[in-house]
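> Pasting a structure here, questions to come.
The values are calculated or read from the model by the stated rules, or taken from the named source; none is laboratory data. Only a predicted model underlies this, so the values are computations on that prediction, with no experimental measurement involved. Neighbour counts run over all protein chains shown; Cβ positions are idealised from the backbone, glycine included. Note: areas computed on protein heavy atoms with side chains; ligands, DNA, RNA excluded. Shrake-Rupley method; radii C 1.70, N 1.55, O 1.52, S 1.80 Å.
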Amino acid sequence: MISDKLKQVILTELALKEFNLQDETVASQVPGWDSLNHINIILAIEKGFNVKFKGLEILKAKNIGDLQKLIDSKIPA
Amino acid sequence: MPLAIDFEKLFSLFTYDKHDPLLFGSSLFLFFFLFVLIIQRLFSNQKVLRIYSLLFFSLFFYYKAAGFYLFLLLFSSAFNFIFGRLIFESKTAFLKKIFFTIALLVNLGLLGYFKYTNFFLQIINDLKLGTIEPLDIFLPIGISFFTFKALSYVIEIYLEMLEPIKSFRDFSLFIFFFPNVLMGPIDRASAFLPQIEEDNPITRADVGRALFLISCGLIKKYAIADYISLNFDERVFGFPLRFTGVENLIAVYGAALQGYCDFSGYTDMALGIGLLLGYKLMDNFNRPFKATSVGDYWRRWHLSLSTWLLDYLFKPLQISFRSMRKWGTALAIFITFFAVGLWHGPNWTFIAFGLLHSLYLIVGMFTQPVRRRYTDKLKITGTKFHKFFQVVFTFHLLAFTAILFGSPSLQYTLDMMHQIFTYFHPEVFPQFVQAYTTVFIIIVFGYVVHFLPKSVEEKAQNLVIKMPVVLQAVLFAVVIWIVVQFKSAEMMPFIYFQF
């Protein structure tokens, strides 16, 4: 399940008011999430959650659900 | 008179001749292909036989094009099959990385050796760092295409997007598959491999679509690309200073259309042939000259290469440079398009072609907010006028890169630009139309068809699909007749073979 905070970070970065983001949502389904914006979203997530990803971890993430798992793995419970 | 069989000639049909590969448009290919197709259909419910016959024919097809460099193809298949497993089965991330690095080095090392050794020796000589004689290296046809295809398999396994396939036979078919082994599309392992295990039922719609694609491909290649090239473009590109700016400019428009029709014509044929065998290959083009920006163009041109580079080179670079923000993206674009240029061949014109594209994209990225502000102010953002302007502007940026692509050296590019900008002479235009009427009609026809809405193509395709078989056969016969009329006595190689 993706958190409200992650949703908010993505929507703010893409200047979207509302979009139904789900675990299975992939970048190409979200308006404005192109290859140039992709990196801005990653940077916004790293800043928003105060985490640092490895390049390979980002490449392996197939959808937003994977991004959420990646964030969770970096934040101590 | 008794029928004499020339066994020597018959034998030569089965042996390698570097001047006579099995081109899709040749009658010999048609003969062999019909034979393969009959086997495929006769034994449609015997998967093993079907796969082996395809493997065998694919190897023969490659042997006809590259002789005993066929063993390089076999090596690529065996090596990447083994390394796919090694990467997947490695217990530690470190070991995974080691095997992956070896796989990358071997694949790119082979590609580099065959394609770029003499280019680098030439650079060493030019920079006066030494005097080294060029080596006698044969360039195995299609090496850039099958290397990238094989690399997609190991990369996808490394990124945990794919599990290694168990069958070496099936993996080899992915690498050898004759419709795409020489000139792409660079199909992804994850999309192609599952099709081998399916039962590949071929519907009537598939046959109609294949017929439509092959017909389009034949016309694009032989009636448009070759005709323009042989009868006009080669002359202007060969001696730009002998012509005025008018002919030079039309030759540039011709070259852009020729490049597209040559390559997309080949792809159409490959897709059609694949469909008849029960395989759906990746589409490579989506009306590239309709692009509203250079970025949009790369989402429409040579898609199997552009998405490959986007996923496996641009994205990793962009992620590594992310702390530099836009400048990091600019650096990633620069490196990716340097690779695009180099991939096309060991020639400075290709490298300049790639770098020019990177310049377009980087300038486009940095000026995007300013341009947006202006179009907003003028209230034209997103209007038809705006789009029309974007298409025309983008087309001319691309047409300029077509000069680099078609020129034997940078000097020829400069000569053409010189003629266009300083020796234009518009009064020559009526004489040009009179002297090259057919060329002119073909160029106009080619662009008009290109800019028709996609729905027209879909309707034409559906019409062919729904036609009775007899009519389909008549249509195909008409296409062949047209092609024969246009086909020059000399066989023109597909431009992309050399890559």
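> Only one of A:24, A:18 is modelled with pLDDT of 90 or more and open to solvent by 50 Å² or more (accessible area, probe 1.4 Å). Can you tell me which?
A:24
> Only residues that are open to solvent by less than 100 Å² (accessible area, probe 1.4 Å) and under 16 Å from residue B:287 (Cα atoms): list them for the stretch B:374-396, please.
Scanning the stretch B:374-396 gives B:390, B:391, B:392, B:394, B:395, B:396.
> Could you list, in sequence order, the residues of the stretch A:58-77 that are away from chain B (no Cβ under 14 Å) and within 10 Å of the chain's Cα centre (by Cα)?
A:64, A:65, A:68, A:71 - these are the residues of the stretch A:58-77 that are away from chain B (no Cβ under 14 Å) and within 10 Å of the chain's Cα centre (by Cα).
> Would you mind listing the helices (runs of 4 or more DSSP H) fully within the stretch B:11-115 where at least 3 residues are in the same structural domain as residue B:155 (by TED's automatic domain parsing)?
B:47-66, B:70-89
> Return the only residue of A:59, A:6 being touching a helix residue (DSSP H, G or I) at 6+ places or on another chain (Cβ under 7 Å) and either among the small types (Gly, Ala, Ser) or open to solvent by 20 Å² or more (accessible area, probe 1.4 Å) (or both).
None of the others qualify; the one that does is A:59.
> Further question on the same structure: Applying the selection to the stretch B:278-294, what residues are open to solvent by 10 Å² or more (accessible area, probe 1.4 Å), outside any helix (DSSP H, G or I) and not β-branched (Val, Ile, Thr)?
Hits for the stretch B:278-294 are B:278, B:280, B:281, B:282, B:283, B:285, B:286, B:287, B:293.
> With respect to residue B:175, determine if the residue is farther than 26 Å from residue B:349 by Cβ and modelled with pLDDT of 90 or more. Before the answer, list the steps.
Values: farther than 26 Å from residue B:349 by Cβ: yes; modelled with pLDDT of 90 or more: yes.
Against the criterion (farther than 26 Å from residue B:349 by Cβ and modelled with pLDDT of 90 or more), residue B:175 qualifies.
> If you don't mind, another one. One residue is enough: does the stretch B:344-354 have a residue meeting the conditions closer than 23 Å to residue B:158 by Cα and either within 14 Å of chain A (Cβ to nearest Cβ) or within 18 Å of the chain's Cα centre (by Cα) (or both)?
no
> Under 7 Å by Cβ, and 6 or more places apart or on different chains, what pairs join a residue from the stretch B:175-190 that is in the same structural domain as residue B:156 (by TED's automatic domain parsing) and of a type in the set (Asp, Glu) with one that is assigned to a helix (DSSP H, G or I) and buried (at least 24 other Cβ atoms within 10 Å of the Cβ)?
What qualifies is B:187/B:149; B:187/B:180.
> Open to solvent by less than 50 Å² (accessible area, probe 1.4 Å), under 15 Å from residue B:157 (Cα atoms) and free of Cβ contacts under 8 Å to residues at least 24 places away in the same chain, is that true of residue B:53?
On the way: open to solvent by less than 50 Å² (accessible area, probe 1.4 Å): yes; under 15 Å from residue B:157 (Cα atoms): no; free of Cβ contacts under 8 Å to residues at least 24 places away in the same chain: yes.
Against the criterion (open to solvent by less than 50 Å² (accessible area, probe 1.4 Å), under 15 Å from residue B:157 (Cα atoms) and free of Cβ contacts under 8 Å to residues at least 24 places away in the same chain), residue B:53 does not qualify.
> Return only the number of the condition from (1) out of contact with any Leu (no Cβ under 8 Å at 6 or more places or on another chain); (2) open to solvent by less than 70 Å² (accessible area, probe 1.4 Å) that residue B:371 does not satisfy.
Tallying (1) out of contact with any Leu (no Cβ under 8 Å at 6 or more places or on another chain); (2) open to solvent by less than 70 Å² (accessible area, probe 1.4 Å), residue B:371 fails exactly one: (2).
> So is residue B:166 over 25 Å from residue B:346 (Cα atoms) and either assigned by TED's automatic domain parsing to the domain that holds residue B:55 or in contact with a Pro (Cβ under 7 Å, 6 or more places away or on another chain) (or both) or not? Break it down stepwise before answering.
Working: over 25 Å from residue B:346 (Cα atoms): yes; either assigned by TED's automatic domain parsing to the domain that holds residue B:55 or in contact with a Pro (Cβ under 7 Å, 6 or more places away or on another chain) (or both): yes.
Answer is yes for this residue.
> Also, quick follow-up: Determine whether the stretch B:353-361 contains at least one residue that is open to solvent by 60 Å² or more (accessible area, probe 1.4 Å) and either out of contact with any Gly (no Cβ under 8 Å at 6 or more places or on another chain) or not in a helix (DSSP H, G or I) (or both).
Yes: the stretch B:353-361 contains one or more residues that are open to solvent by 60 Å² or more (accessible area, probe 1.4 Å) and either out of contact with any Gly (no Cβ under 8 Å at 6 or more places or on another chain) or not in a helix (DSSP H, G or I) (or both).
> Which one of B:147, B:131 is assigned to a loop (DSSP other than H, G, I, E, B) and polar (S, T, N, Q)?
Result of the check over B:147, B:131: B:131.
> Okay, moving on. Taking the stretch B:12-46, which residues are open to solvent by 30 Å² or more (accessible area, probe 1.4 Å) and either in contact with an Asp or Glu (Cβ under 6 Å, 6 or more places away or on another chain) or small (Gly, Ala, Ser) (or both)?
Scanning the stretch B:12-46 gives B:12, B:27, B:44.
> Of all residues in the stretch B:462-480, which are under 27 Å from the mean Cα position of the chain (by Cα) and of a type in the set (S, T, N, Q)?
Residue satisfying the conditions is B:462 alone.
> Answer yes or no: is there a residue in the stretch B:295-303 that is away from every other protein chain (no Cβ under 11 Å), outside any helix (DSSP H, G or I) and either farther than 19 Å from residue B:150 by Cβ or at pLDDT 95 or above (or both). Write out each step before concluding.
Step one: list which residues in the stretch B:295-303 are away from every other protein chain (no Cβ under 11 Å), which gives B:297, B:300-303.
In the following step, the residues that additionally are outside any helix (DSSP H, G or I) were identified as B:300-302.
Checking the rest, the ones that are also either farther than 19 Å from residue B:150 by Cβ or at pLDDT 95 or above (or both) come to B:300-301.
Yes, the stretch B:295-303 has at least one match.
> Restricting attention to the stretch A:47-77, which residues are over 15 Å from residue B:158 (Cβ atoms) and β-branched (Val, Ile, Thr)? Steps first, please.
First, the residues of the stretch A:47-77 that are over 15 Å from residue B:158 (Cβ atoms): A:47-53, A:63-77.
Within the stretch A:47-77, A:51, A:64, A:71, A:75 qualify.
> For the stretch B:239-255, what are the residues that are touching a residue at least 24 places away in the same chain (Cβ under 8 Å), in a helix (DSSP H, G or I) and open to solvent by 10 Å² or more (accessible area, probe 1.4 Å)?
The answer is B:241, B:247, B:249, B:250, B:253, B:255.
> Out of everything in the stretch B:313-328 that is of a type in the set (Lys, Arg) and more than 29 Å from the chain's Cα centre (by Cα), what residue ends up being nearest to the other protein chains (Cβ to nearest Cβ)?
Once the filter is applied, the top-ranked residue is B:322.
> Could you list all residues from the stretch B:320-342 that are modelled with pLDDT under 95 and crowded, with 21+ Cβ neighbours inside 10 Å?
B:329, B:340, B:341
> Consider only pairs whose beta carbons are under 6 Å apart and that are at least six residues apart or on different chains; among these, list those whose first residue lies in the stretch B:145-170 and is closer than 16 Å to residue B:312 by Cα and whose second residue is among the charged types (D, E, K, R) and not in a loop (DSSP other than H, G, I, E, B).
Here the result reads B:159/A:60; B:160/A:60; B:162/B:156, each pair linking the stretch B:145-170 to a residue that is among the charged types (D, E, K, R) and not in a loop (DSSP other than H, G, I, E, B).
> List every residue pair whose Cβ atoms lie under 6 Å apart, where the two residues are 6 or more positions apart in sequence or sit on different chains, the first residue falls within the stretch B:29-44 and is farther than 20 Å from residue B:64 by Cα, and the second residue, located anywhere, is open to solvent by 50 Å² or more (accessible area, probe 1.4 Å).
B:43/B:49
> Taking the stretch A:13-52 on its own, how many of its residues are within 11 Å of chain B (Cβ to nearest Cβ) and farther than 27 Å from residue B:369 by Cβ?
The total comes to 1.
> In the stretch B:439-455, is there at least one residue being among the hydroxyl-bearing types (Ser, Thr, Tyr) and not in a helix (DSSP H, G or I)? Outline the logic, then answer.
Taking the stretch B:439-455 and keeping what is among the hydroxyl-bearing types (Ser, Thr, Tyr), we get B:447, B:455.
Among the residues that remain, those that are also not in a helix (DSSP H, G or I) are: none.
Looking for residues that are among the hydroxyl-bearing types (Ser, Thr, Tyr) and not in a helix (DSSP H, G or I), one finds none in the stretch B:439-455, hence no.
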